[in-house]
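Written below as structure tokens is the structure these notes are about.
Values in this text are rule-based calculations from the coordinates and carry no lab data. Note that the structure is a prediction, hence the values are computed from the model and not measured. As a convention, Cβ positions derive from the backbone with ideal geometry for all residues, glycine included, and neighbour counts pool all protein chains shown.
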Amino acid sequence: MRMMRLALAAGVAVVIGSGSAYAITVKKRIEAPGLPADVWVVAGENFCTIKTWHPAVAACEETKEGDVIFRTLTLKDGGKIKEKLTGTEDLGYTYEIIESPLPVKNYSSKLWVEEDDEPDRSVIYWQSEFEPGDGASEDDAKKVITGILGDGVKGIKKNALAAYDAKHPEDAPDADDDDNDDD
């Protein structure tokens, strides 16, 4: 009898543990000028800051239900994604998708910034774990999320570069500098 309970417990543990075996992980990273705290102001100091750097997001509305913060993203194609903030750090946050037209389910993600090994530079990371949604293939789900994360980190870098140039005008490329001297 004891052996039977042990075998049953082991079987349940395997089933529970294998539930995440099908999760797909996508991670994007990009380097940007500026100290991590400065880049984080551009990237995610506010949960709705995403509307300023992600090219697919037209609007973001932040709401609170009790102590839980949500954001509803309105995409440029009219789609809506509702996300729940699940954790915060000094230079990062985690969230999960509650409702979405994306071909994924059980989606959780983390966006964070770390110091680069080069002076006055940061590395922006965005990592997501998910399963394909109903009817979606793993490849299709992965392709969509890879595109979203890739466009996002590029958008953060673009805004971080603009903020860095505004803060350090002496380092910004001069509009009058060009290699063609026609005079």
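Quick notes
- Order of Arg29, Arg121 - criterion: other Cβ atoms within 10 Å of each residue's Cβ, fewest first: Arg29, Arg121
- Sorted into 5 angstrom bins from 0, the C-alpha pair distances of the stretch 23-165 split as 2, 10, 19, 24, 21, 14, 7, 3, 0, 0 percent.
- Mean separation of Cα contacts under 8 Å, 6 or more apart, over the residue count of the stretch 64-183: relative contact order %: 14 percent
- Between the listed residues Gly147, Pro119, Ser109, the Cα displaced farthest toward the positive end of the dipole of the stretch 108-155, a dipole computed from Cβ unit charges relative to the Cα centre, is found at Gly147.
- Rounded to the nearest 20, the Cβ-based charge dipole of the stretch 23-165 about its Cα centre (Lys and Arg +1, Asp and Glu -1) stands at 500 debye.
- Under Karplus coefficients 6.51, -1.76 and 1.60, residue-wise ³J(HN,Hα) of the stretch 120-137 in Hz, glycine/proline x: 6, 9, 10, 10, 9, 10, 9, 10, 10, 10, 6, 10, x, x, 3, x, 8, 7
- For the stretch 82-97, the Karplus equation 6.51 cos²θ - 1.76 cosθ + 1.60, evaluated at θ = phi - 60°, returns couplings of 9, 10, 10, 6, 10, x, 9, 10, 4, 10, x, 8, 10, 7, 9, 7 Hz by residue, with Gly and Pro reported as x.
- Ranked by the mean number of other Cβ atoms within 10 Å of their residues, highest first, the peptides 22-28, 80-86 come out as 80-86, 22-28.
- Per-residue HN-Hα couplings for the stretch 104-118 [Karplus 6.51, -1.76, 1.60; θ = phi - 60°; Hz; x = Gly/Pro]: 9, 9, 6, 8, 9, 8, 9, 10, 7, 10, 10, 6, 7, 7, 8
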